[in-house]
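Student: Let me give you the structure first, and then I'll get to my questions.
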Amino acid sequence: MSEPIYAPGDLVVGRYRIVALIGTGPTLEVYRAEEITHSDPVALHVLRPYLAHTEEVRRQFRNQIVASARLRHPHLVSVIDGGQSRGAIFQITEYVGGGPLEDLLRERRSLGVAESAALGRDVADALAYLHRGGFVHGEISPTKILFREAGSGQVVLSDLATRGLNRERFATPFAAVRYASPQLLYGAPPEPSDDVYALTVVIYEMVTGTSPIDGQSVEEVRAFRGLRPLPSRPELGPLNEVLQRASTPDALTRSSAEELRDALSELAQDVQPFRRPEPGAAPTLLSSPPPPARSSIGFHAPRPDEVVGGVAPTRLTPTRPLEPPVPPVNQPVARRRRPLRLIVAALLVVLALGGVAAWKLGWLSSTIPTPQVVGLTLSEATQLAKSDNLTLAVTREEASSSVAKGVILSQSPSAQSSIPAGGTVSVVLSAGRSLVTLPTTLLSKPCATDTATLHGLGVVATCPPSALVHSSSVAKGLVVQIRYQSQINPLAVPTGASVILVVSSGPVAPPTTTSTVAPTSTSTSTSTVAPTSTSTSTVPPSSTSTSTSTSTSTTTSTTTTVPASGTVAVPNVVGDTRSQALAAMGSAGLYVYTSGPGAGTTLWKKVVSEIPAAGTTVKVGSYVSLNVTE
């Protein structure tokens, strides 16, 4: 391990005195320091040398310090200053001495629903502030959620200056997937919706004491999180619905930070900011010793000696001497009844345990909460319902463009609503996408003919002016190609899909040559010839060459070459409606294919993002990917 950059007592830029090294991470060394003028405690973050040697990292760290210094929010760590000393770049922030949420969870193991909702509300409020300013935190976890010192105890988010610098962040499968959204697991850049997803995982861990790591490998976790929201748990209570809305696999339907904050506010019992509980705020039965330090989120059921505190039995001492028993006189010996008493006691225990089990299974209760089965496969939902002594019934199947075949689309009653014990949960199952087989006779037909044919099959077809290509085999005005998203001449497309019919503009026009000969002959009776010769060679930018010669005969020859097709800047269509976006792309001579809710159909309403970005120079006729939403 390398030596620390600073030692206690060192003075940084003549203003900050080092007090102690707090910790070392993959990207930073963090010191407690004090501002010597006012003796205010501060935290000094220094970029580690192996990263500071890279100019790109140094520039990114500097830029993020400057950007973070503008942020002011009660639940964000304030950035105070930044600079360079001994060749190292540093950042000064307020000192937050209450420790991270991870430490609190080691002490308490879990928090109640109201406490977790209040803490989550404050963090979501900070995230909403960041997202409105165009920032993404990108590293939400219990180690990044901090508490101010005693007297305040308010929760704050760590600063942003290190985001994206930790190149070892995904060094292990657990670190890669623990708080990652489905989009991050597939390599997408961080977005505000990823912050929301990570916060839902943190809240889930705070209440349940366990981590929703669902699988033994990164691939399994990717597959699981890409299909369904976080699992429901009884101890989450009303938080189940809130967390599931904020952890949907589709980022476009996921709650925003503002929506999550508002939903958590309704569940938090205290409108005041969450404050870190004082040590000993939740004593255990018989003053049991503190639990062992936890190595990660999650815990095993405590042993009996941990629950009761391991208190040894106490021997009772009589307050007066016991008198010797008086032997009975001529009395019959009573029969021993101890075995009968033991049998009765055993029966009572069995009945009590049976009653508890029956109550747990809902046999003694008129209603129980309905489990969440939306997003599960039919087999998974059947097993879950069976464990709650419920029956699952499939009412029908519906085609879906976004939910895989065999996955439950909706349920009745809804999750967490009351259902009679032993009742039935009705579900609608996804049949996947309904496909339409395209006729094989569409090519070499007029656009109007194919448009009418496809309309009758439930497919929307357009022939935009930009979708023209030269063809030496298909006559001008006839369809030469069918395009659906990135597919060319597909065999089938989903019902309601939108396809582009590419029309032939005829063969490529050859270079045009114009030759004009204007002979002139002049003769006089004196047989005098006055020849004149002029030669001009000019090649202007329009690639036109002209040569002229004049004498007793004059010849003019002109050759024109058709210029090659050019490039165009991608128009900005983010936020545009479907018609606006298609019109803009068509005017630019660009094709589009879509992804997201309603992609490939006429159902999508708005463009969320585009690739390549607006302003990028591309060749005319290129494709632009539009991320859309319904």
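The values are calculated or read from the model by the stated rules, or taken from the named source; none is laboratory data. Since we're looking at a predicted model, the values are computed, not measured. All Cβ positions, even for glycine, are placed from backbone atoms using ideal geometry, and neighbour counts span all protein chains on display.
Student: From the list 70, 58, exactly one residue is at negative phi, in a loop (DSSP other than H, G, I, E, B) and not small (Gly, Ala, Ser). Which is it?
Tutor: None of the others qualify; the one that does is 70.
Student: Being surrounded by fewer than 13 Cβ atoms within 10 Å (Cβ to Cβ), among the small types (Gly, Ala, Ser) and over 15 Å from residue 84 (Cβ atoms) narrows it down to one of 7, 33, so name that one.
Tutor: 7
Student: Quick one: in the stretch 79-97, which of the residues that are surrounded by fewer than 17 Cβ atoms within 10 Å (Cβ to Cβ) and outside any strand (DSSP E or B) is nearest to the chain's Cα centre (by Cα)?
Tutor: Looking at the filtered set, the residue picked out is 97.
Student: For a quick check of your reading: which strands (runs of 3 or more DSSP E) sit entirely within the stretch 420-504 and have at least 1 residues that are surrounded by fewer than 16 Cβ atoms within 10 Å (Cβ to Cβ)?
Tutor: 424-430, 435-437, 460-462, 492-494
Student: Restricting attention to the stretch 1-45, report how many residues are assigned to a strand (DSSP E or B), at pLDDT 90 or above and more than 17 Å from residue 96 (Cβ to Cβ).
Tutor: Going through the stretch 1-45 one residue at a time, the tally reaches 4.
Student: Residues of the stretch 412-444 being modelled with pLDDT of 85 or more and touching a helix residue (DSSP H, G or I) at 6+ places or on another chain (Cβ under 8 Å), which ones?
Tutor: Across the stretch 412-444, the qualifying residues are 425, 427, 429, 438, 439, 442.
Student: Write out, first by first residue and then by second, each pair whose Cβ atoms fall under 6 Å of each other, whose residues are 6+ apart or on separate chains, and whose first residue, in the stretch 374-395, is at positive phi while the second is assigned to a loop (DSSP other than H, G, I, E, B) and at pLDDT 85 or above.
Tutor: If the second residue must be assigned to a loop (DSSP other than H, G, I, E, B) and at pLDDT 85 or above, the pairs left are 389/422.
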